[in-house]
Amino acid sequence: MNPAHLVAVITILMWSSLAVLTVSVKHISPLLSVGLVLIVASLPGLRYWRQWNMPIKYWIFSITGMFGYHYLLFDAFAKAPAINVNLIQYLWPLFIVLGSPLVTRLPLNWGHILGGILGFGGIAIALSPSEGSFSGKYLLGYTEALLAALLWTFYTLSNKKNKHMSISTVAGICFISGVLSVVCYFLVMPSSQGVTLDGKDVLSIIALGLGPMGLAFYTWDYAVRHGDPRFIGTLCYFTPLISTLLMVFVYQDIELEMVHLIALAFVSIGALLGRIVKDRPSRRAQISKQYLQ
């Protein structure tokens, strides 16, 4: 296996804990929680600030994607049912696979396209039967989850295009995004509203900053810039499966229905199709190879 693809698998395992930890701090303002987590995530790489050499447009792209994705995601978890938000925001692997030809010369095969359809269909199935899922009070949360998925796709494909970016630059992106988020929090929040974080909140923020929103950023950056984004995108379809099962295990008030299992099966099968088709040479290619030999 390509080392970058192995790193992608490790990243996916870390990201599977993102929803569980995010739900644990959903009572905190998204601006504050996102800001603190991103600052924690930046700490290991701050000493390499001299290596943060990147054109200004990529700084703008990266900060927009990093800050925008996490703010919208944290706010969506606070506004709508967690299991549905989690499934919607994990449309980003589909968007990465389908958007890869825009920044690479790698074409899509029918396995990638069919896998994407299955992944999208699985999420649609999971949402459709839930009573009240699309009521007006949840619409904003679902919209934020969808926009978050698009922003993370934008961030990922922008970094794929910027091949000369040092991996330590991710720390700079996290730090600037985190400071921006905290500053925005103190600008928009009433001065009378104090910041109260208990021990569990602090532990969750540190865990997010060290894991799914810390080390995972660096491993993801390496995987995307050294691996096949189509294959990595299809691998990421397993993230909602692991993430959803973990949420159900940790939180008793989150119920996993049979329809969610069916949807997750669709997503998992879709994840495999792109790789199977890619690795299986066509019959015509096999005959041509034998003839030339």
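Structure data summary
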{"item": "Ordering of 115-121, 85-91 by burial proxy (mean other Cβ atoms within 10 Å per residue, highest first)", "result": "85-91, 115-121"}
{"item": "Potential lengthening between residue 161 and residue 259 on full extension [0.36 nm per residue; Cα-Cα distance subtracted]", "result": "31.5 nm"}
{"item": "Label-to-label distance, nm, for residues given as residue 117 and residue 242 (7 Å Cα→Cβ offset)", "result": "2.9"}
{"item": "Simple label model, 7 Å out from Cα along Cβ direction - residue 198 to residue 139, nm", "result": "3.6"}
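A short reminder: the numbers here are calculations on the coordinates, not readings from a lab. The structure presented is a predicted model; accordingly, all values stated were derived computationally and were not measured. Note that each Cβ is placed from the backbone with ideal geometry, even for glycine, and that neighbours are counted across all protein chains shown.
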